Amino acid sequence: MLRSHAGFRTGPRPMRARHWLAIALLALGLPGLASAATISFDVLDPSGFGATVTLEDGEVPGTLNIDIDSIGPLEGDLVGDILAIYLQGDAPLVGPGLDASGADVEETSSFPGDPNFLVNIGPSSVFELNGITITSLLLSHATETVSVEALAGASIQVWLGFSSQNPYVPLGIAFDDDLIVIKPEATIPMIPEPGTAAMTMLGLMGLAASARRMDAEPSA
């Protein structure tokens, strides 16, 4: 341990003005980072089959990217074909005016007066297997801004299809004696509150100030 000539332990150097400025700027910027619009969550059936959904604000303002990855209850287990994505929420965002595009998007459906939106995935109907277990799409709206924040609280279903000939297929709705469909559902979560991140940074600033106080402590 270093000691000064006067018999006092040398304290840490005081924080310079530029250090305080850097911390202050970080504190001010954190609310924006906290609401940086990317969230990922699982949409699961009680049997454990479902999909991981990732939402991210698009590069084009007012659009939203959706990535969907079909998953099973155990690694290597059977996963379902993604047949459709169904959104239900408050109008006017979910409903007429909403559109989806992507390599696997076949068609979309919305219903006037009813706040929901269906995206058919694959070159077949929503009740036919298509072999698609990972897909991406882009949401846009004719008049509204589509974002992670705007969709928070809405319901999302991922419709998954399984061959009824597979012994590991989960319980679901049977179609044409060769197709089982499940529709796991989840609520799109809220993004973190900016105030929470700001308060965390203010606490860190206080700890930093305490750790770098100029007061020297007398030696024992």
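Every read-out reported here was derived from the displayed coordinates using simple, explicitly stated rules and does not represent laboratory data. Note that the structure is a prediction, hence the values are computed from the model and not measured. Heads up, the Cβs are rebuilt from the backbone with ideal geometry, glycines too, and the neighbour counts pull from every protein chain shown.
With contacts taken as Cα pairs under 8 Å at a separation of at least 6 residues, the range 38-191 carries a relative contact order of 27 percent. From the Cα gyration tensor of the range 38-191, with a ≥ b ≥ c the square roots of its eigenvalues, which class applies: rounded if a/c is under 1.5, or else prolate if a/b is larger than b/c, or else oblate? The shape class here is prolate.
Using the Cβ atoms and a cut-off under 11 Å, what net charge is assigned to the surroundings of Gln157, where Lys and Arg are +1 and Asp and Glu are -1? So the surrounding residues net to -1.
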